[in-house]
Amino acid sequence: MKRTSMVLAATVAAGLLSVGTASATGWTMSYLPLPPVGNGIARVDATDGAGAYAGTYDGRLITWAGGTFQDHGVPAGYDTVETVDENSSGAVLGNARVYPKQQVFVFENGGYQFLGKVSGYFSTQGLGMNNRGDVVGSVANDPRYGSRAAFWPSGDRAHPVLLDVPPLLQPVDIDHDGTILLNEQYGGTWLWKDGVLRQLVLPEGVTESRGIAIRDGKVLASTPMGDRLWTAFDTSEEVPGNMNTTALNGSGLVTGWISAPDLPMTAAVWSPGSPITKLPAPVEAAGVAVGDNGEIAGALRGGGHDGTPVVWRRG
């Protein structure tokens, strides 16, 4: 599913968000619409893989489909929401916040559905959701004392379970078959499936990695020597060009950004066997989420467009 290793979000004037396009390198860029009045912090975070998107505007949940947006507000009793993931059914995973707690929710069928708590833990956090609706995340009390990995099965989200993994392993994402991606503190990246743990095999001389996303058996992770794409737990290749990656889709299409002389942060896309392609944008930009349809959602930065959510399409 979608994961982002960086966040682009800043104050934007909604009046700047008229529909428009820019084209280069076989791709076109379009702006995602936002409320017509007011100022707020805008960001797009996730996609259903088929042309719909989810994010936030001024701390409220926003979804986009068919060229229009819906503002779903904030659930009663909370101040803001954070959008985390979206699956092929259009269900949106997020976290609602009001100091000092955070609670994970799934927005589907037009309403917020809060997931159950693990007995003895005060706060919950969603980190990834697959197409079945399974959710992986963490639970905690005082964040100074760390958190525990937790799993909410799609058939019974009211009764989460603690994941039977060492405390130093923290979840990142979940694949459609239930494989959970985890990072080890000061260590490598691991896969958990049906009670079995396997560590991603790192290149010789590399001892640490940070998992970013897992999708259809492929894993995207960063290392001190650059980001890499694993097609099996023991098989990986370097993402070229010092690309900073943020997300991938089921075919292995990867998005993120590169540093270029004209634009220090230039949105980019890459897939195995192909060169890196720069995505057109009027200012600095980065890809944030990539759908199975090949569309890429991202954000502009600078030039009065800070955080402006956009979508790139081929052609």
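The values are calculated or read from the model by the stated rules, or taken from the named source; none is laboratory data. The structure presented is a predicted model; accordingly, all values stated were derived computationally and were not measured. Using ideal geometry, Cβ is built from the backbone for each residue, glycine included, and neighbour counts are taken over all protein chains shown. Surface accessibility is based on the protein's heavy atoms, side chains included, excluding ligands, DNA and RNA. Shrake-Rupley method; radii C 1.70, N 1.55, O 1.52, S 1.80 Å.
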Task: From the options Asp164, Asp142, Asp156, Asp175, residue that is open to solvent by less than 10 Å² (accessible area, probe 1.4 Å) and of a type outside the set (Gly, Ala, Ser) - done: Asp175
TODO: Pull up region 214-228, narrow it to residues that are in contact with a Ser or Thr (Cβ under 9 Å, 6 or more places away or on another chain) and closer than 14 Å to Gly188 by Cα, then point me to the one that is surrounded by the most Cβ atoms within 10 Å (Cβ to Cβ).
DONE: Leu220
Open item on the list: So for region 103-123 (the condition being open to solvent by 60 Å² or more (accessible area, probe 1.4 Å), touching an Asp or Glu at 6+ places or on another chain (Cβ under 7 Å), at pLDDT 95 or above and assigned to a strand (DSSP E or B)), does at least one residue qualify?
Closed with: no
- [ ] Pull up region 198-213, narrow it to residues that are open to solvent by less than 60 Å² (accessible area, probe 1.4 Å) and among the aliphatic types (A, V, I, L, M), then point me to the one that is farthest from Asp85 (Cα to Cα).
- [x] Val206
Open item on the list: Against the condition closer than 22 Å to Arg314 by Cβ, buried (at least 24 other Cβ atoms within 10 Å of the Cβ) and aliphatic (A, V, I, L, M), how does Leu253 come out, does it pass?
Closed with: no
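Which one is farthest from Ser222 (Cα to Cα), of the residues in region 178-192 that are open to solvent by 40 Å² or more (accessible area, probe 1.4 Å) and at pLDDT 95 or above?
Of the residues in region 178-192, the ones open to solvent by 40 Å² or more (accessible area, probe 1.4 Å) are 184-186, 190, 192.
Add one more test, that the residue is at pLDDT 95 or above, and what stays is 184, 190, 192.
Values: Glu184: 13, Trp190: 13, Trp192: 19 Å.
The qualifying residue farthest from Ser222 (Cα to Cα) is Trp192.
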Task: Any hit, region 229-250, residues being part of a loop (DSSP other than H, G, I, E, B), in contact with a strand residue (DSSP E or B) (Cβ under 7 Å, 6 or more places away or on another chain) and among the acidic types (Asp, Glu) - done: no
TODO: Would you be able to tell me the number of residues in region 90-102 that are out of contact with any His (no Cβ under 9 Å at 6 or more places or on another chain) and not in a loop (DSSP other than H, G, I, E, B)?
DONE: 8
Task: Of residues in region 258-276 being surrounded by 16 or more Cβ atoms within 10 Å (Cβ to Cβ) and more than 20 Å from Val219 (Cβ to Cβ), the one nearest to the chain's Cα centre (by Cα) - done: Ala267
- [ ] Could you check how many residues of region 282-299 are at pLDDT 95 or above and either aliphatic (A, V, I, L, M) or buried (at least 24 other Cβ atoms within 10 Å of the Cβ) (or both)?
- [x] 11
Open item on the list: Suppose we keep only residues that are of a type in the set (Val, Ile, Thr) and in a strand (DSSP E or B) within region 187-228. Which one would you say is farthest from Pro153 (Cα to Cα)?
Closed with: Thr223
